[in-house]
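A.B. asks: First the structure, which I've put down as structure tokens, then a few questions once you've had a look.
The values are calculated or read from the model by the stated rules, or taken from the named source; none is laboratory data. Keep in mind that what you see is a predicted model, and the values were worked out from it rather than measured. Note: ideal-geometry Cβ built from the backbone for every residue, glycine included; neighbour counts use all protein chains shown. Each accessible area value is taken on the protein alone, full model and side chains, heavy atoms only, with ligands, DNA and RNA left out. Shrake-Rupley method; radii C 1.70, N 1.55, O 1.52, S 1.80 Å.
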Amino acid sequence: MSTFLQEYIFSLEDRWKEVDVIIERAKTIKDDDFAFYNAICRSASILIVAHLEGFVKDLTKCVVSDLNRSGLFVDFPVAIKRTYCSKYLGSATDKDLKAYYKKLDALILKLDEFDCKISPEPFLFSKNKNPSASMLNTVFENFGVPNIFGYLHDSKIDDAFAMSISEIKEKNLELKAAIVLAAENYPYVVSLEELGFNKRNPKGRTLWEEFIEQINQRRHSVAHGADFDNADDVSDLEERKAKVELLQYALSILMAGSICKSGSPNLDVAHE
């Protein structure tokens with residue numbers, strides 16, 4: 001039986017078709033209708049970010065669904081249990097951390113007995129937020145993966161910023177094949193090291209954090225009427241879309257690797 005995650009990965013290409021159609025249309029009218037061309041490019045810049053935002057939500061839902069269908073609550077990673085149970089207790093305060101974690105661990109033990117099914121909401125933001133690097137970090141931390149961009153930094157997908165569009169697309173196919181295979185069954189089987197995703201502690205913002213910040217700024221300028229000029233060439237948009245796809249596959253691999261029961265490092269966040 002295929003997993004929810006694998007089925008979702010198979011659907012990603014179709015989900016991007018609306019952006020592909022816009023980009024191809026922009027190419028055909030660039031020389032004949034420049035006003036329409038600019039309007040199409042501005043629309044594409046918004047949709048690309050929208051697809052990244054939707055991806056974060058859908059990835060979370062798929063992973064939670066696989067956990068519920070194939071695993072027992074007692075066997076879930078500790079970080080996932082803590083995030084889920086915190087929805088009942090609220091956030092911890094600095095003054096009362098020990099008491100808070102004592103209650104949290106007691107609730108986890110109780111839910112272990114009942115094989116509790118979890119929901120995706122505690123792992124996401126309560127309100128819709130643009131897919132900033134900070135937001136992505138928080139969602140992954142909720143699954144027990146601190147500083148997600150530390151894994152991407154100096155990895156093989158960092159090379160995307162020096163690649164041609166065709167090379168990025170080839171890398172997309174490579175990573176898609178890797179996550180499709182890894183997510184064939186649950187528990188997922190992922191070797192992060194083989195894909196170059198090792199934990200690193202970069203100084204300052206990484207290339208991927210900068211990239212996400214740039215596409216969000218562009219989206220914000222267009223969506224909120226701060227910029228009525230088209231600052232993007234269709235070739236820039238095509239490359240941007242390919243990079244976001246690459247990021248989606250990379251993040252899917254990292255998410256699967258963080259919760260699989262074998263072949264992944266211990267990513268649980270400890271507490272005192």
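A.B. asks: From the set of residues in segment 1-31 that are at pLDDT below 90 and not hydrophobic (A, V, I, L, M, F, W, C), which is least open to solvent (accessible area, probe 1.4 Å)?
C.D. replies: Taking segment 1-31 first, the residues at pLDDT below 90 are 1-2, 30-31.
Filter once more, keeping what is not hydrophobic (A, V, I, L, M, F, W, C): 2, 30-31.
Values: SER2: 40, LYS30: 71, ASP31: 144 Å².
Among residues in segment 1-31 that are at pLDDT below 90 and not hydrophobic (A, V, I, L, M, F, W, C), the one least open to solvent (accessible area, probe 1.4 Å) is SER2.
A.B. asks: Which ones in segment 25-62 are closer than 21 Å to ASP14 by Cβ and acidic (Asp, Glu)?
C.D. replies: Matches in segment 25-62: GLU53, ASP58.
A.B. asks: Turning to a different aspect of this structure: Just to confirm my filter: which helices (runs of 4 or more DSSP H) fall fully inside segment 119-228 and include at least 3 residues that are out of contact with any helix residue (DSSP H, G or I) (no Cβ under 9 Å at 6 or more places or on another chain) and buried (at least 21 other Cβ atoms within 10 Å of the Cβ)? Full working, then the answer.
C.D. replies: Details: elements: 133-142, 148-152, 165-182, 207-223.
Ranges flagged: none.
A.B. asks: With the structure loaded, tell me whether LEU72 is open to solvent by 60 Å² or more (accessible area, probe 1.4 Å), aliphatic (A, V, I, L, M) and free of Cβ contacts under 8 Å to residues at least 40 places away in the same chain or whether it fails that test. Walk me through it before giving the result.
C.D. replies: Values: open to solvent by 60 Å² or more (accessible area, probe 1.4 Å): yes; aliphatic (A, V, I, L, M): yes; free of Cβ contacts under 8 Å to residues at least 40 places away in the same chain: no.
For LEU72, the condition - open to solvent by 60 Å² or more (accessible area, probe 1.4 Å), aliphatic (A, V, I, L, M) and free of Cβ contacts under 8 Å to residues at least 40 places away in the same chain - is not met.
A.B. asks: Here is a list: ALA26, ALA79. Which entry is under 22 Å from VAL234 (Cα atoms), part of a helix (DSSP H, G or I) and in contact with a Phe, Trp or Tyr (Cβ under 9 Å, 6 or more places away or on another chain)? Before you say what the answer is, go through the steps one by one.
C.D. replies: Values: ALA79 fails: under 22 Å from VAL234 (Cα atoms).
Just a single option satisfies the conditions, and that option is ALA26.
A.B. asks: For the structure I just gave you, tell me whether LYS102 is in contact with a helix residue (DSSP H, G or I) (Cβ under 9 Å, 6 or more places away or on another chain) and either part of a helix (DSSP H, G or I) or without any contact (Cβ under 8 Å) to a residue 12 or more places away in the chain (or both).
C.D. replies: Judged against the criteria, LYS102 is not a match.
A.B. asks: Shifting gears a bit: Condition check: open to solvent by less than 20 Å² (accessible area, probe 1.4 Å) and either under 17 Å from ILE46 (Cβ atoms) or basic (Lys, Arg) (or both). Does ILE253 satisfy that? Outline the logic, then answer.
C.D. replies: Numbers: open to solvent by less than 20 Å² (accessible area, probe 1.4 Å): yes; either under 17 Å from ILE46 (Cβ atoms) or basic (Lys, Arg) (or both): no.
For ILE253, the condition - open to solvent by less than 20 Å² (accessible area, probe 1.4 Å) and either under 17 Å from ILE46 (Cβ atoms) or basic (Lys, Arg) (or both) - is not met.
A.B. asks: Within segment 83-99, restricting attention to residues that are out of contact with any helix residue (DSSP H, G or I) (no Cβ under 6 Å at 6 or more places or on another chain) and touching a residue at least 24 places away in the same chain (Cβ under 8 Å), which residue is nearest to PHE143 (Cα to Cα)?
C.D. replies: Result: SER86.
A.B. asks: Find all pairs meeting these conditions: Cβ atoms under 7 angstrom apart; at least six residues apart or on different chains; first residue within segment 124-139 and at pLDDT 90 or above; second residue assigned to a loop (DSSP other than H, G, I, E, B).
C.D. replies: Pairs that qualify, where the first residue is at pLDDT 90 or above and the partner is assigned to a loop (DSSP other than H, G, I, E, B), are MET135/PHE125; MET135/LYS129; ASN137/ASN147; VAL139/LEU124.
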